[in-house]
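> Mind having a look at this structure? Questions to follow.
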Amino acid sequence: MSLAAFSPRTYFAHPQAIVETDEIGSGTRIWAFAHVMSGARVGFDCNICDHAFIETGATLGNNVTVKNGVAIWQGVTIEDNVFLGPHCVLTNDYNPRAYIKKSGAALETTLIRANATVGANATIVCGITIGRYAFIGAGTVVVRPVLDFALMVGNPARHIGWMCVCARSFPLPEPTADSSAICPYCHTRFRVTRGGLAVAEGTHREHVGGHGTRVRRAKEPIPFGSSGNHGSRGGDIQFPRARVRPARAQGSS
């Protein structure tokens, strides 16, 4: 569905925000001093906090939280339910020079898969993929692709464990020919694969967390077309018809 069909506007934009694109889904909130350029694509129910910047050619899925001071550049794709913590860093040029101007295919692409979290002040070096449900700790510098559900910390990033759907961490399992893992908190079972963890067959698709929060399971479809190939940009976001929703408090996730 073309976003040109969204009329009248069904998202919230603070009077001091700069919004130059029409490709914004319903229920999205854009707060003061944020800037969304023409040609950027933002899904529904996103929260774009103060001083965020979304450049032409950047793509955000649905229910994405972009906290204060985050810049999302051309070539960066953020899938559904991703959390970008305050002042985390994304780029699109691996070796920039002020006197060498690059655009289009000359820029690197970065993909952050559905349900991942990037902590405050973390740096994601361009040209890599952050896996589904991966968790990047605050201040971490990520220089290589990250597995699904991986918990990463440090500079450079180290894989120290796994982060469950329920947002609790647990240790790396001992490597065996038939590796598996289980979350000690919500008892979700996982298979260990080359791409990280995968929710085992028979696990419920929804979970009620310790604070009563419903969590979507990894097996739910993601509207980017890709079935899990790391590094794949995926297809178009599917934007449903508009639903008018009241604006929430500033900075809410």
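The values are calculated or read from the model by the stated rules, or taken from the named source; none is laboratory data. Being a predicted model, the structure only gives us computed values, none of them experimental. Cβ: placed from backbone, ideal geometry, glycine included. Neighbour counts: every protein chain shown.
> Of all residues in the range 42-61, which are out of contact with any strand residue (DSSP E or B) (no Cβ under 9 Å at 6 or more places or on another chain) and not hydroxyl-bearing (Ser, Thr, Tyr)? Outline the logic, then answer.
First, pick out the residues of the range 42-61 that are out of contact with any strand residue (DSSP E or B) (no Cβ under 9 Å at 6 or more places or on another chain): 50, 56.
Matches in the range 42-61: ASP50 only.
> Pairs needed: first member in the range 21-35, closer than 15 Å to LYS67 by Cβ; second member anywhere, among the hydrophobic types (A, V, I, L, M, F, W, C) and at pLDDT below 95; C-beta distance under 9 Å; at least 6 residues apart or different chains.
Short answer, once both residue conditions are applied: ARG29/ALA247.
Residue by residue, here is whether (1) in contact with a Leu (Cβ under 7 Å, 6 or more places away or on another chain); (2) hydrophobic (A, V, I, L, M, F, W, C); (3) in contact (Cβ under 8 Å) with a residue 12 or more places away in the chain holds:
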| site | (1), (2), (3) |
| --- | --- |
| VAL19 | no, yes, yes |
| PHE44 | no, yes, yes |
| ASN47 | no, no, yes |
| VAL64 | no, yes, yes |
| VAL76 | yes, yes, yes |
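> Anything in the range 59-105 that is under 21 Å from GLN16 (Cβ atoms), part of a loop (DSSP other than H, G, I, E, B) and not β-branched (Val, Ile, Thr)? List them, or say none.
Matches in the range 59-105: LYS67, ASN68, GLY69, PRO86, HIS87.
> Between a first residue in the range 108-129 that is within 15 Å of TYR94 (Cβ to Cβ) and modelled with pLDDT of 95 or more and a second residue that is among the aliphatic types (A, V, I, L, M) and assigned to a loop (DSSP other than H, G, I, E, B), which pairs have beta carbons less than 7 Å apart while being 6 or more apart in sequence or on different chains?
Short answer, once both residue conditions are applied: THR110/ILE128; VAL125/VAL143.
> Restricting to the range 135-149, and then to whatever is out of contact with any Phe, Trp or Tyr (no Cβ under 7 Å at 6 or more places or on another chain) and not in a loop (DSSP other than H, G, I, E, B), can you tell me which residue is surrounded by the fewest Cβ atoms within 10 Å (Cβ to Cβ)?
VAL141
> Collect the residues in the range 156-211 that are at pLDDT below 80, closer than 22 Å to ARG113 by Cα and of a type in the set (S, T, N, Q), keeping them in residue-number order.
The answer is THR203, and nothing else.
> Given the conditions (1) surrounded by 21 or more Cβ atoms within 10 Å (Cβ to Cβ); (2) more than 13 Å from the chain's Cα centre (by Cα), which single one is not true for ALA98?
Condition (1) is where ALA98 drops out.
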